[in-house]
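The numbers here are math on the coordinates, done by the rules we state, and not lab data. Everything numeric in this text was worked out from a predicted model, so none of it was measured. Backbone-built Cβ (ideal geometry, glycine too); neighbour counts: all protein chains shown.
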Amino acid sequence: MYRLKIIAVGRIKKNYYLEAIAHYSKMLRPVVRIDVHNVKDCPQAEGAERKRHESERILEKVGPRDTLVALHEAGRLFTSVEFASFLRPLLETPSGDCCFVIGGALGLSPELLARSNHQLSLSPLTMPHELAQVVLYEQLFRATTIMAGRTYHY
């Protein structure tokens with residue numbers, strides 16, 4: 001069984017996001033163990049200071065040998081098949097955990113981005129971080145079905 005972490009700023013409060021994540025989590029469960037870590041956002045801080053505080057909280061959850069994949073607007077765009085090819089070695093030959101990181105409303109700090117091993121964009125469109133989590137879960141499920149040769153992806 002594969003393992004990975006998803007580290008996100010803030011908690012999801014809307015039921016429709018929670019239901020979608022629960023749906024994909026259930027389908028991923030036989031293949032991937034996902035450890036979810038939510039870190040507290042910093043609404044009292046502004047701008048770069050807020051990103052820095054939230055990113056520091058994220059980095060506390062990342063081990064020194066973990067592979068950090070930061071979701072970022074300027075990150076690399078993949079097709080689903082390319083994403084499956086990207087994901088396979090991260091899951092099959094890990095030196096630590098594969099960690100997907102989703103920032104808060106203002107994104108991730110330059111320090112966290114510098115620590116990341118990879119930067120991934122889910123879309124050139126801007127989306128709420130809750131929706132980004134749903135899209136990430138769906139693409140993880142799609143990638144694992146591609147890797148297994150199953151027919152979810154056509």
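Modelled label positions at R3 and R29, each set 7 Å beyond Cα in the direction of Cβ, lie 2.0 nm from each other. Annotation: the antiparallel percentage among DSSP beta bridges lying fully within the chain is about 5.
Were the residues from S123 through T79 laid out at 0.36 nm apart, the gain over their Cα-Cα distance would be 14.8 nm. Looking at the range 23-105, the GluC sites (Glu not before Pro) that sit in a DSSP loop and have at most 12 other Cβ atoms within 10 Å of their own Cβ are E46, E60. Residues V101, V134, V9, arranged from fewest to most other Cβ atoms within 10 angstrom of their Cβ, appear as V134, V9, V101.
Model label sites at A148 and F86, defined 7 Å from Cα along the beta-carbon direction, differ in position by 2.2 nm. Compared with the dominant Cα axis of the chain, that is its longest principal axis, helix 129-148 is turned about 30°.
With a cut-off of 8 Å between alpha carbons and a minimum separation of six or more residues, what is the relative contact order of the chain in percent? Reported as a whole number, the value is 32 percent. Principal-axis analysis of the Cα atoms of the chain puts helix 47-59 at an angle of about 50° to the longest axis. Here the gap between K13 and E46, fully extended at 0.36 nm per residue and compared with their Cα-Cα distance, gives a gain of 9.7 nm. Exposure proxy shown here: for M127, M1, M27, the number of other Cβ atoms within 10 Å sets the order, fewest to most, as M1, M127, M27. Between the residues L136, A70, G47, the greatest Cα displacement towards the positive end of the dipole of the chain, with unit charges on the Cβ of Lys, Arg, Asp and Glu, is found for L136.
Please order Y137, Y152 by the number of other Cβ within 10 Å, starting at the fewest.
By the 10 Å Cβ count, ascending: Y152, Y137.
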